[in-house]
Amino acid sequence: MPISRRFQLLEKREVNRETFVEPWPEAGLIVADSPADPQPSLRIEAGRVTELDGRPRDQFDILDTFIADHSLDLAAAEIAMATPSIDIARMLVDINVPRAEILHLVAGCTPAKLVDIIRHMNVLEMMMGLGKMRARRTPANQAHVTNRREHPALLAADAAEAALRGFAEIETTVGVARYAPFNALAILIGSQTGRGGVLTQCAVEESLGLELAMKGLTTYAETLSIYGTEGTFVDGDDTPWSKAFLSAAYASRGVKIRFTSGTGSEALMGHAQGCSMLYLEARCLLVTRGAGSQGVQNGSISCIALPESLPGGVRAVLAENLLATMLGLEVASGNDALASHSDIRKAAKLMLQFIPGTDFITSGYSAMPRRENLFGGGNFDADDFDDYNVLQRDMQVDGGNRPISEQEALAIRTEAARAIQAVYTELGFPAITDDEVEAAVLAHGSEEMPSRNVVADLAAADKFLPSEQNILSVVRALQIRGFEKVAANLLEMGRQRVAGDYLQTSAIFDRNFKVQSAINDVNDYSGPGSGYRVSAERWQEIQNLPQVKSPRDFIADQIGEPCARLAELGPARPGVSPEIIVAVGPAFGTELIRTINGLDHEEVLAAILTGVASQGLVARVVKIYRTSDCAAIGYIGAQLSGSGIAIGLQSRGTTIIHKRGLARLSNLELFPQSPSMTLETYQAIGVNAARYALGMVTTPVPVQVDNWARLRLIVKTALLHRHETEQVQDQPPMEMRFDWEPDL
């Protein structure tokens, strides 16, 4: 069988490194509409649910019981279940239906009813629904900060930079569990150095996480995993009630809490019971609501490759995010775990949450290199900061991040690394050296950091955790060592713990320590001109990328003193002998003196004339003032040429070989890729023009095509052409004298 070269190359594309499988409902490998999914139903007798999605109460599992008794608003249930699902789907998209009306109605929907609503919606409609239904008006973003060496100075520096870049929450975790208190301490100090009010957490075993929170080292938690089947709960030695109790334990100590769920976990753990991933996620979300948690981290999270292997998997991830918002929950919408080898696929998945906005667009953007991410690799990492910022600028979308300069980054990283160094010294932990501080400021990853005594660090962490030292000890250490601002930020975080305002749904702090939540920053989207809009100040911040230049800077190196060897003689007259006209644009050699790729106009002319002379002909240089168009310059030159052959040359370097008698937009040869032109190319153009004039058989000069040139240089091209067009005058072509010696 013949081998297709195209298919050989396609096979090597990054996207074909993924796994794609057919649905297998019995194993839970189906994202929606499994044959085992129940149909929506609800029966209420004497104020008590007696049937839920086709199952009578005596057959309820623990999730059915919890949902029936704690999750459903029975006052809304009768109307909700009687309303056709397609009508609710249309309400989600209809800008005339307020969010509050949908929240009230959906509160009475069973898991199967929620899934049935989604069944009627395509991706665009779900994005519209997400934009209306998210809890907090203002979108935000969350970062991961970890490193393989668990180095405290690098953790603090990376956390400070992440905070300065706009992340409202920062999450760390551990490779070695005993590092947890020191890792939590490092990102706490780093984050409050970068910007006061950033919430932090350390993803560890739940009882340890609560211990860290009680010590004041963390301010939120999202490691409370829940599942959509009884089997997975039992395997985890948990129930919905135990999760609700733990959630209350966190909240009672002033710690913001969200649950973690997401499509695919039940299938991964072997307890999907033949149900679709989306149906099981709907059960998880109702458990979250019933447990009293203000929000959820969902979007498949660490299981993302499983739904993505199946048809409609990315749609299902968007659907679960939308379901969470429909239930009034804060949603940290995934986009954290590495989802694809393909940059196209990763970006496409991101757009489903990035464009409509969610409470946290990523539930962990890797604020360091992916290889340093102890969560298993970020979908986007520190190498993608500029790409993400440009996406915000391209679409005028607030994705929660802000561009910063290198100088800003170095300054804040220095302060954070020195702050953690000071705390370690004052509290008697193993010293962080000046060399470690310097390395942390400049490092991209932990491989650039000096080694530490791991045994000593772990012993100190073991001693610190049960000790009387806590957040107040850290504040005192910072004050003593001269880090008053960081100390004040940590103290304010402690005060906010007592106030408890940031326990509200979707709560974050702005830069002034003001809480923004679904209570005082409620999403009020109701169509164009409503809801969150990028303010003038925020839009200016988004636009202000460090790499942005003034347009004038792009052509500054093309402008200079006029070419000394080029002078105007007088009006040009038609030639009578075999010759070549080199017709140049109105700015050539005067207002502009170099081509777009930096070749001096004098050298370009010399190369062309050398090529003409090599064939025994002479050339005249004529400046065309009435147009800046390359084809027109060549056309006018051909009318003046004794041989009828002319070379048209724009100031930026675009060139044409024209012949009298051809239409203006026709030509013998065209050289549009001026950034790829060399002096050798221009000499070859001169040779070919002379050969055409002599009537010789001529092979066109090879044209090099650079498909990236337009991306790099289109602004410069436009500005150079504008500059040349400004020199257009209503005067005849002028003969030019050019002093040169042919190099033959």
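The requirement of being part of a helix (DSSP H, G or I) and surrounded by fewer than 24 Cβ atoms within 10 Å (Cβ to Cβ) is not satisfied by Ala267. Taking the range 633-744 and the strands (runs of 3 or more DSSP E) fully enclosed by it, the elements with 2 or more residues that are within 22 Å of Ser577 (Cα to Cα) are at 645-649, 655-659, 734-738. Any idea which residue in the range 537-566 is nearest to Met395 (Cα to Cα), counting only those that are polar (S, T, N, Q) and surrounded by fewer than 15 Cβ atoms within 10 Å (Cβ to Cβ)? The extreme case among them is Gln543. Here Phe554 fulfils each of the conditions (1) modelled with pLDDT of 95 or more; (2) farther than 18 Å from Val687 by Cα; (3) of a type in the set (A, V, I, L, M, F, W, C) apart from (1). When the range 592-634 is filtered for residues that are touching a His at 6+ places or on another chain (Cβ under 8 Å) and closer than 20 Å to Gly570 by Cα, the ones remaining, listed by number, are Ser628, Gly634. Here Ala100, Ala107, Ala143 are screened, and the one residue that is within 30 Å of Leu199 (Cβ to Cβ) and crowded, with 24+ Cβ neighbours inside 10 Å is Ala143.
Output the residues belonging to the range 75-88 that are without any contact (Cβ under 8 Å) to a residue 40 or more places away in the chain and crowded, with 16+ Cβ neighbours inside 10 Å.
Passing the criteria: Ala76, Ala77, Ala80, Thr83, Ile88.
Residues checked against (1) of a type in the set (S, T, N, Q); (2) closer than 24 Å to Gly377 by Cβ:
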| residue | (1), (2) |
| --- | --- |
| Met269 | no, yes |
| Val287 | no, no |
| Val296 | no, yes |
| Ile301 | no, yes |
| Arg315 | no, yes |
| Thr325 | yes, no |
| Ser333 | yes, yes |
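Does Leu592 fit the bill of being surrounded by 24 or more Cβ atoms within 10 Å (Cβ to Cβ) and modelled with pLDDT under 95? When the stated conditions are applied, Leu592 passes them. The criterion of at least 2 residues that are of a type in the set (S, T, N, Q) is met, among helices (runs of 4 or more DSSP H) falling completely within the range 438-534, by 471-480, 484-499. Checking each residue in the range 642-660 for being among the small types (Gly, Ala, Ser) and on the phi < 0 side of the Ramachandran plot picks out Gly642, Ser643, Ala646, Gly648, Ser651. Pairs linking a residue in the range 416-443 that is without any contact (Cβ under 8 Å) to a residue 40 or more places away in the chain and of a type outside the set (A, V, I, L, M) to a residue that is part of a helix (DSSP H, G or I) and surrounded by fewer than 15 Cβ atoms within 10 Å (Cβ to Cβ), with Cβ atoms under 6 Å and 6 or more positions apart or on different chains, are Pro430/Ala456.
Conditions (1) touching a helix residue (DSSP H, G or I) at 6+ places or on another chain (Cβ under 7 Å); (2) among the aromatic types (Phe, Trp, Tyr); (3) in the same structural domain as Ala282 (by TED's automatic domain parsing); (4) more than 30 Å from Ala244 (Cα to Cα), marked per residue:
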{"site": "Met1", "(1), (2), (3), (4)": "no, no, no, yes"}
{"site": "Leu9", "(1), (2), (3), (4)": "no, no, no, yes"}
{"site": "Ala36", "(1), (2), (3), (4)": "yes, no, no, no"}
{"site": "Arg48", "(1), (2), (3), (4)": "no, no, no, no"}
{"site": "Asp58", "(1), (2), (3), (4)": "no, no, no, no"}
{"site": "Ala100", "(1), (2), (3), (4)": "no, no, no, no"}
{"site": "Ala107", "(1), (2), (3), (4)": "yes, no, no, no"}
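Listed by first and then second residue, the pairs with beta-carbon distance under 7 Å, at least 6 apart or on different chains, first residue in the range 254-269 and farther than 13 Å from Ser225 by Cβ, second charged (D, E, K, R) and surrounded by fewer than 24 Cβ atoms within 10 Å (Cβ to Cβ), are Gly254/Arg497.
If I filter the range 261-279 for residues that are of a type in the set (A, V, I, L, M, F, W, C) and within 30 Å of Gly500 (Cα to Cα), do I get at least one hit? Steps first, please.
Applying the first criterion (of a type in the set (A, V, I, L, M, F, W, C)) to the range 261-279 yields 267-269, 272, 275, 277-278.
With within 30 Å of Gly500 (Cα to Cα) added as a condition, the list becomes none.
No; the residues of the range 261-279 include none that is of a type in the set (A, V, I, L, M, F, W, C) and within 30 Å of Gly500 (Cα to Cα).
Within the range 217-231, restricting attention to residues that are free of Cβ contacts under 8 Å to residues at least 60 places away in the same chain and out of contact with any strand residue (DSSP E or B) (no Cβ under 9 Å at 6 or more places or on another chain), which residue is surrounded by the fewest Cβ atoms within 10 Å (Cβ to Cβ)? Filtering first and then ranking leaves Gly231.
Only residues that are within 15 Å of Gln729 (Cβ to Cβ), of a type outside the set (Asp, Glu) and assigned to a loop (DSSP other than H, G, I, E, B) were counted across the range 590-630, and they come to 6. Which residues, taken from the range 233-264, are in contact with a Leu (Cβ under 9 Å, 6 or more places away or on another chain), outside any loop (DSSP other than H, G, I, E, B) and of a type in the set (Ser, Thr, Tyr)? Answer for the range 233-264, where residues must be in contact with a Leu (Cβ under 9 Å, 6 or more places away or on another chain), outside any loop (DSSP other than H, G, I, E, B) and of a type in the set (Ser, Thr, Tyr): Ser247, Tyr250, Thr260.
Please count how many residues of the range 361-378 are surrounded by fewer than 24 Cβ atoms within 10 Å (Cβ to Cβ), outside any loop (DSSP other than H, G, I, E, B) and out of contact with any strand residue (DSSP E or B) (no Cβ under 7 Å at 6 or more places or on another chain).
Matching residues across the range 361-378 total 1.
Here Leu199 meets each of (1) within 20 Å of Ile361 (Cβ to Cβ); (2) at pLDDT below 95 with one exception, condition (2).
Consider the range 311-360 and keep the residues that are among the β-branched types (Val, Ile, Thr) and under 13 Å from the mean Cα position of the chain (by Cα). The one that is surrounded by the most Cβ atoms within 10 Å (Cβ to Cβ) is Ile355.
Taken as a whole, the range 245-260 holds at least one residue that is surrounded by 24 or more Cβ atoms within 10 Å (Cβ to Cβ), of a type in the set (D, E, K, R) and under 30 Å from Thr110 (Cβ atoms).
Conditions (1) closer than 27 Å to Ala316 by Cβ; (2) in a helix (DSSP H, G or I); (3) in contact (Cβ under 8 Å) with a residue 12 or more places away in the chain, marked per residue:
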residue: Ala339; (1), (2), (3): yes, no, yes
residue: Thr358; (1), (2), (3): yes, no, yes
residue: Val397; (1), (2), (3): yes, no, yes
residue: Gly400; (1), (2), (3): yes, no, yes
residue: Pro403; (1), (2), (3): no, no, yes
residue: Gln407; (1), (2), (3): no, yes, no
residue: Leu410; (1), (2), (3): no, yes, yes
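Screening Ser293, Ser247, Ser252 for residues that are under 30 Å from the mean Cα position of the chain (by Cα) and either under 22 Å from Asp336 (Cα atoms) or hydroxyl-bearing (Ser, Thr, Tyr) (or both) leaves exactly one candidate, Ser293.
When Thr288, Thr229, Thr263 are screened for being polar (S, T, N, Q), under 24 Å from Val106 (Cβ atoms), more than 32 Å from the chain's Cα centre (by Cα) and assigned by TED's automatic domain parsing to the domain that holds Arg495, only Thr229 passes. A single member of Val534, Val522 is touching a Lys or Arg at 6+ places or on another chain (Cβ under 8 Å), surrounded by fewer than 19 Cβ atoms within 10 Å (Cβ to Cβ) and under 25 Å from Ala324 (Cβ atoms), and it is Val522.
The values are calculated or read from the model by the stated rules, or taken from the named source; none is laboratory data. This one's a predicted model, so the numbers in the text were calculated from it and none came from an experiment. Methodologically, a virtual Cβ is constructed for each residue, glycine included, from the backbone with ideal geometry; neighbour enumeration extends over all protein chains shown.
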